[in-house]
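The values are calculated or read from the model by the stated rules, or taken from the named source; none is laboratory data. Here the structure is a predicted model, which means the values were calculated and not measured. No Cβ is skipped: glycine too gets one built from the backbone with ideal geometry, and neighbour counts run over all protein chains shown. With ligands, DNA and RNA removed, areas are computed over all heavy atoms of the protein, side chains included. Shrake-Rupley method; radii C 1.70, N 1.55, O 1.52, S 1.80 Å.
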Amino acid sequence: MEFSASIIAAFDPAKKIVVLTGAGISAESGVPTFRGEDGLWRRYRAEELATLAAFEANPQLVWEWYDWRRGIIGKAEPNPGHKAIAEMEQIFPYFSLITQNVDGLHRRAGTTRLIEIHGNLWQGRCVREGRVHEDYRCPLPEIPPMCTCGALLRPHVVWFGESLDQGDLARAYGLIEECDLLLVVGTSAVVQPVASFPLMAKQAGAFVLEVNMEPTPLSSLADASFHGKAGEVLPALLQKIKGHR
Ligand code: BJW
């Protein structure tokens with residue numbers, strides 16, 4: 001795999017590096033994406049499963065769907081793409097990851113400086129008190145799960161029409177505004193507000209590098225795009241970067 005001198009130069013150890021990931025990074029771990037050929041939104045209607053109105057109408061159905069996904073993700077392992085990103089954190093002093101994924105695989109691969117900007121599906125949030133509970137049991141013994149206070153728990157994820165956590169969003173905007181390099185991996189770059197991050201980074205002067213199986217709306221804006229599997233491109237890129245240190 002060929003990486004140009006400008007790409008390698010963008011990974012200077014003094015640079016502030018931000019990685020932004022989407023469902024594609026976990027595809028090679030066997031986790032379904034949302035919009036691909038076998039994507040979740042091809043088989044299920046987002047309006048019936050990933051909105052507050054859907055949850056309020058049928059919490060049982062929504063939790064059954066999340067329990068099914070937890071079953072798949074619980075068996076999945078971080079892949080070479082997750083691991084290459086985790087290793088980048090060890091190499092670069094100024095490194096952060098923003099992920100849209102709720103599967104927790106980046107954390108399991110060893111990344112610690114991360115923002116899970118759409119939440120985490122191993123957590124439930126009390127609809128009354130807002131308290132967050134972590135629960136790795138799979139399948140869940142009770143659906144829908146309840147808080148100790150007696151109220152319903154909801155998945156601690158961001159559904160369509162909901163605001164992202166304001167603290168996470170502020171931190172993400174800060175990282176995007178300040179970064180020298182934004183590496184965007186495995187996202188269709190259509191869901192706002194995250195879809196705007198690459199343009200914001202570019203306007204703030206960052207080098208934007210994309211890794212995706214297919215061209216996306218971001219491809220024409222990026223300084224460079226690699227169309228291939230994240231689990232192959234990222235380890236190759238990492239090797240090249242390490243070879244130039
Ligand atoms: C590989 C690969 C391999 C495969 N290697 N690559 C402005 C304009 C228009 C609409 C809006 C707007 N602002 C807000 C909206 C509404 C909405 C939105 O953006 N809608 C668009 C779809 C039009 N946004 C929201 O509602 C957000 N809230 C918000 O903005 O609040 C303020 C507000 C509200 C209302 C109105 C206005 C303002 C919240 C968005 C929440 C998204 N939630 C989900 C579900 C999370 C929980 C769960 O998982 O159950 O988040 S939807 C789903 O999409 C999930 C993902 O994180 C997100 C992004 O998907 P992602 O990661 O990009 O996956 P895919 O499948 O789309 O793409 C995978 C890619 O990987 C593909 O490109 C493949 O090619 C690639 N790939 N294998 C490399 N091996």
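For the stretch 18-27, indicate whether the set of residues that are surrounded by 14 or more Cβ atoms within 10 Å (Cβ to Cβ) and more than 30 Å from HIS244 (Cβ to Cβ) is non-empty. Steps first, answer last, please.
If we filter the stretch 18-27 for residues that are surrounded by 14 or more Cβ atoms within 10 Å (Cβ to Cβ), which is where we start, we get 18-27.
Filter again for more than 30 Å from HIS244 (Cβ to Cβ), leaving 23.
Among the residues of the stretch 18-27, at least one is surrounded by 14 or more Cβ atoms within 10 Å (Cβ to Cβ) and more than 30 Å from HIS244 (Cβ to Cβ), which makes the answer yes.
Given the options HIS133, HIS118, name the one that is away from the ligand (no atom under 16 Å from the Cβ) and at pLDDT 95 or above.
Values: HIS118 fails: away from the ligand (no atom under 16 Å from the Cβ).
Only one candidate passes the filter, namely HIS133.
Pick from GLU142, GLU64, GLU47: which is in a helix (DSSP H, G or I) and farther than 27 Å from ALA172 by Cα? Let's see the steps before the verdict.
Working: GLU142 fails: in a helix (DSSP H, G or I); GLU47 fails: farther than 27 Å from ALA172 by Cα.
After ruling out the rest, the residue left standing is GLU64.
Exactly one condition in (1) open to solvent by less than 10 Å² (accessible area, probe 1.4 Å); (2) part of a loop (DSSP other than H, G, I, E, B) is not met by ARG245; state its number.
So ARG245 meets the others, but not (1).
Within the stretch 174-198, track down each residue that is within 13 Å of the ligand (Cβ to nearest atom) and open to solvent by 40 Å² or more (accessible area, probe 1.4 Å). Even if it seems obvious, please write down each step before you answer.
Filtering the stretch 174-198 down to residues within 13 Å of the ligand (Cβ to nearest atom) leaves 183-198.
Answer for the stretch 174-198, where residues must be within 13 Å of the ligand (Cβ to nearest atom) and open to solvent by 40 Å² or more (accessible area, probe 1.4 Å): SER188, VAL190, GLN192, SER196.
Looking only at the stretch 100-129, which residues are crowded, with 20+ Cβ neighbours inside 10 Å and more than 15 Å from HIS156 (Cα to Cα)?
Across the stretch 100-129, the qualifying residues are LEU105, HIS106, ALA109, THR111.
I'd like to verify a number: residues in the stretch 13-44 that are charged (D, E, K, R), without any contact (Cβ under 8 Å) to a residue 24 or more places away in the chain and in a loop (DSSP other than H, G, I, E, B), how many?
Of the residues in the stretch 13-44, the ones charged (D, E, K, R) are 15-16, 28, 35, 37-38, 42-43.
This time we only want the ones that are without any contact (Cβ under 8 Å) to a residue 24 or more places away in the chain, so: 37-38, 42-43.
Next, from what is left, pick out any that are in a loop (DSSP other than H, G, I, E, B): 37-38.
The number of residues fulfilling the criteria is 2.
Can you tell me how many residues within the stretch 146-173 are within 16 Å of the ligand (Cβ to nearest atom) and either out of contact with any strand residue (DSSP E or B) (no Cβ under 8 Å at 6 or more places or on another chain) or not in a helix (DSSP H, G or I) (or both)? Reasoning before the result, please.
The first filter runs over the stretch 146-173 and keeps only residues within 16 Å of the ligand (Cβ to nearest atom), leaving 153-170, 172-173.
Imposing the further condition that a residue be either out of contact with any strand residue (DSSP E or B) (no Cβ under 8 Å at 6 or more places or on another chain) or not in a helix (DSSP H, G or I) (or both) reduces the set to 153-167, 169-170, 173.
Of the residues in the stretch 146-173, 18 are within 16 Å of the ligand (Cβ to nearest atom) and either out of contact with any strand residue (DSSP E or B) (no Cβ under 8 Å at 6 or more places or on another chain) or not in a helix (DSSP H, G or I) (or both).
Any chance the stretch 71-94 includes a residue that's over 24 Å from TRP122 (Cα atoms), among the hydroxyl-bearing types (Ser, Thr, Tyr) and not in a helix (DSSP H, G or I)?
Yes, there is a match, as at least one residue in the stretch 71-94 is over 24 Å from TRP122 (Cα atoms), among the hydroxyl-bearing types (Ser, Thr, Tyr) and not in a helix (DSSP H, G or I).
Residues that are within 16 Å of the ligand (Cβ to nearest atom), within 23 Å of GLU134 (Cβ to Cβ) and modelled with pLDDT of 95 or more: does the stretch 87-94 have at least one?
no
When ALA222 is evaluated against the numbered criteria (1) in a loop (DSSP other than H, G, I, E, B); (2) within 12 Å of the ligand (Cβ to nearest atom); (3) free of Cβ contacts under 8 Å to residues at least 40 places away in the same chain, which criterion, by number, is the only one it fails?
(2)
Do we have GLU56 as crowded, with 18+ Cβ neighbours inside 10 Å, in a helix (DSSP H, G or I) and out of contact with any helix residue (DSSP H, G or I) (no Cβ under 8 Å at 6 or more places or on another chain) here? Working first, answer last.
Details: crowded, with 18+ Cβ neighbours inside 10 Å: no; in a helix (DSSP H, G or I): yes; out of contact with any helix residue (DSSP H, G or I) (no Cβ under 8 Å at 6 or more places or on another chain): yes.
Answer is no for this residue.
Between LEU234, LEU182, which is in contact with a strand residue (DSSP E or B) (Cβ under 9 Å, 6 or more places away or on another chain) and assigned to a helix (DSSP H, G or I)? Full working, then the answer.
Details: LEU182 fails: assigned to a helix (DSSP H, G or I).
Only one candidate qualifies: LEU234.
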